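Data block below; observations after.
The values are calculated or read from the model by the stated rules, or taken from the named source; none is laboratory data. Remember, it's a predicted structure, so these values are computed and weren't measured experimentally. Because the Cβ atoms are built from the backbone with ideal geometry, glycine has one as well, and the counts that use them run over all protein chains shown.
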Amino acid sequence: MTSARPQRVCVLGATGSVGVNTLDVISRHPDRFEVAALSGHRNIERLAQQVRDFQPARVVVADNDARQQLLARIGSGSTEVLVGEAALADIAATDDVDVVMAAIVGSAGLTSALAAARAGKRLLLANKESLVVAGDLLMRAVAESGAELLPIDSEHNAIFQCLPSDHRRQGVASVLLTASGGPFLNTPAEQLATVTPAQAVAHPNWSMGAKISVDSASLMNKGLELIEACWLFGLTPDDVEVVIHPESIIHSMVRYIDGSVIAQLGTPDMRTPIAFGLGYPDRIASGSAPLAFDPSLSLNFDQPDRDRFPCLRLAEQAIAAGGTLPAVLNAANEVSVAAFLDGRLSFTDLARINEAVMGRIGSTAVESVEQLLAIDQQARHAAEAVIEARRV
Ligand code: NAD
Ligand code: MG
């Protein structure tokens, strides 16, 4: 229990997997948190229920159509319903908000995450794509405004917990980024071309949105997370070892020069890192089941197979080249994953499309968020063109 006034939370992407888990944790601590603002894109049914449950002052939806649908369900009560990307940035930066959960999927979450960073908020960052696209600008905005950036991605949250708390990094040898390996960990290479979207989104350990589930299956998620870790913790790719750990019990580790390895463990449940971020530096209950140390618990490890899962290598190439190449890769991947989910591409085409777009657009130095958003659009168009060219 705390005697301070409740923290006012804005949940961007409230209707998604991370958003729903965030509201679940918040609802367990009515004395600590109140929901000031929510955003949902087009899942109006769920958003309407969230508005009824949490009574936020402001809500943002995709467009006027979605606004009318929402108003028809919630009536003209005390919740203001706004529209569009600029409104997302507004609700993230307003003085009426203390904490912003950035849980929109894809580079669509960049401008609102950046707005929260510039406004000096406590920023709970689930939206890894914003760091992949604009890590330099986002980290600089955090440093300049005095915002507090807490990683919500489970691996990065684990690394944050395992690093020295004084942030000097003294004695750190490397970071071990764990990966479940996804549903195709043991699928032979020749079968990967024919796996279906339904198989790809059926993650063995985590229940997540469709895009990140496909990324987990292709190991692109681990590639994006490698880039995310480099920005968050000031690392180079050589400082990070990717380790396959199929059970997703160890969420990541830090290796020290004295031989110690510190790991963070827990049942795979996003409410744990979310509660960590919301409560920090306090520990608060999350609703996740306690980890049972019994004979059913086994921990296995392996090396990632970059030949069967070339997306990991593409991400390594992108961060090594630097500049705008990670933004190009991210945009190409958002388009190729959507095309795979639509049945327009095979699973093994994902890496081919991503690589072709990286080759077409190449890399330049990062100048501004406007430049990055323009490159994001350019790479999306290139990806659509490459996909289209393969169909004829
Ligand atoms: P999701 O697809 O379940 O939800 C996405 C949310 O973003 C929804 O609220 C949707 O309405 C909103 N949205 C979608 N497109 C939008 C757009 N163009 N503009 C504004 N809003 C839009 O996704 P998720 O699984 O909750 O993942 C969200 C983010 O968190 C992703 O960046 C993902 O990589 C990251 N993440 C998720 C998990 C997880 O367990 N799901 C774990 C770690 C990191
Ligand atoms: Mg993760």
Step by step: first the residues of the stretch 196-221, then only those that are hydrophobic (A, V, I, L, M, F, W, C) and assigned to a helix (DSSP H, G or I), then the one that is nearest to ligand 2 (Cβ to nearest atom). Which residue is that? ILE212
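Residue-by-condition table, conditions (1) away from ligand 1 (no atom under 16 Å from the Cβ); (2) at pLDDT below 95:
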residue	(1), (2)
LEU163	yes, no
ARG168	yes, yes
LEU185	yes, no
ALA193	yes, no
THR196	yes, no
ILE212	no, no
ALA217	no, no
I'd like the full set of residues that are touching a Leu at 6+ places or on another chain (Cβ under 8 Å) and either among the small types (Gly, Ala, Ser) or more than 16 Å from ligand 1 (Cβ to nearest atom) (or both), limited to the stretch 20-44. HIS29, ARG32, PHE33, SER39, GLY40
Working only within the stretch 364-383, note down all residues that are surrounded by fewer than 18 Cβ atoms within 10 Å (Cβ to Cβ) and free of Cβ contacts under 8 Å to residues at least 60 places away in the same chain. THR364, ALA365, GLU367, GLU370, GLN371, ALA374, GLN377, GLN378, HIS381
Would you be able to say whether some residue in the stretch 163-177 is crowded, with 22+ Cβ neighbours inside 10 Å, outside any helix (DSSP H, G or I) and of a type in the set (Gly, Ala, Ser)? no
Cβ contacts < 6 Å: first residue not assigned by TED's automatic domain parsing to the domain that holds SER17 and among the acidic types (Asp, Glu), restricted to the stretch 208-227; second residue part of a helix (DSSP H, G or I) and crowded, with 24+ Cβ neighbours inside 10 Å, any location; separation 6+ or different chain. Result? ASP215/ASN221; GLU225/GLU155
